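All of the numbers you see were taken from the coordinates with simple rules; none came from a lab. All values reported here derive from a predicted model rather than from experimental measurement. A quick note on method: Cβ atoms are made from the backbone with ideal geometry, for glycine too, and the neighbour counts reach across all protein chains shown.
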């Protein structure tokens, strides 16, 4: 039986702390430079909740929904192309996952938190810069409202926008966590995208989800 703790006090407290974790952009979210992680071992049956429905455009201008990914384990990272902070490291880590997970049906998803600038053509160039295999790795954009609802409310990832006039590279502060999601669209853990040990835990988790 898969164990779910999404409604328990334990996960509520843990997620509250998660929302204080390290951010990317012009500072840290809620003023904390680091925080706990909600990782899970490769074969841990724990479930944290379900991914909400979403409807975004990918780097080719094609609509992508939750149903398009259902049936595949996948990992979601928040990034933006003008980011001067950890985003390049997050994306480089996702690029390594692309190689390491070749031969599995795992999908990778990068969601822009700067969607007014990161339109499909911008994301297409960004994907090309990282030699992304876009048959397995999607770069998604939408409206600011859609992106914030998906990341903050759906995946419990913090996101804050700078005041008008901020440098474009520091326009958004967001979590560096990467979310592991199973074939049924259930959240199975959060892993720091700029920590190599946690990225390795994420790799193992995704392989286990692909084999289940």
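Be a star and scan region 137-157 for residues whose amide nitrogen sits under 20 Å from the point 7 Å along the Cα-to-Cβ vector of residue 53. Within reach of a label on residue 53, which here means backbone N under 20 Å from a point 7 Å along Cα→Cβ, region 137-157 contributes 141-156.
Region 143-183 and region 80-95 have Cα centres separated by 13 Å.
With 0.36 nm allotted per residue and the present C-alpha distance subtracted, the residue 44-residue 99 stretch has 17.4 nm of extension available. When peptides 179-187, 92-100, 61-69 are ranked by their average number of other Cβ atoms within 10 Å per residue, the highest-first order is 179-187, 92-100, 61-69. Projecting the alpha carbon convex hull of region 57-212 along each direction and taking the average yields 8.2 nm².
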